[in-house]
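Peer 1: Please see the structure below; I have some questions.
The values are calculated or read from the model by the stated rules, or taken from the named source; none is laboratory data. None of these values were measured; they are calculated from a predicted model. When we count neighbours, we look across all protein chains shown, and the Cβ atoms used for this are built from the backbone with ideal geometry, even at glycine. All accessible areas refer to the heavy atoms of the entire protein, side chains included, with ligands and DNA or RNA removed. Shrake-Rupley method; radii C 1.70, N 1.55, O 1.52, S 1.80 Å.
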Amino acid sequence: MIEEGILKQFDSIEHRASVQLLGSLTTYFDGVKVARNIESTDMVPGRRVFVVIPENAPGSAVVIAVFDP
């Protein structure tokens, strides 16, 4: 499933993000892998992201796109 979220934090060394799913005040994903084709400079908190979340493996989620709302 693909979900839209808001980027909260980005670790440029580990290339991982913290994401709050759009429309949810309590659903956060921490340590989400970020696709390597996304530049670190694009990962600015507050920007929107698309996250792929496998059905039975939310720990394997990955950010596949970043954009402005």
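Peer 1: Name every residue in the stretch 16-39 that is without any contact (Cβ under 8 Å) to a residue 40 or more places away in the chain, buried (at least 16 other Cβ atoms within 10 Å of the Cβ) and either touching a helix residue (DSSP H, G or I) at 6+ places or on another chain (Cβ under 9 Å) or assigned to a strand (DSSP E or B) (or both), in order of residue number.
Peer 2: Result: Arg16, Ser18, Gln20, Leu21, Phe29, Val32, Lys33, Val34.
Peer 1: With the checklist (1) modelled with pLDDT under 95; (2) among the polar types (S, T, N, Q); (3) open to solvent by 40 Å² or more (accessible area, probe 1.4 Å) in hand, flag the one item Gln9 doesn't pass.
Peer 2: (1)
Peer 1: Please determine, by comparing only the residues of the stretch 40-59 that are assigned to a helix (DSSP H, G or I), out of contact with any His (no Cβ under 8 Å at 6 or more places or on another chain) and in contact (Cβ under 8 Å) with a residue 12 or more places away in the chain, which one is farthest from Glu3 (Cα to Cα).
Peer 2: Ranking the qualifying residues of the stretch 40-59, first place goes to Asp42.
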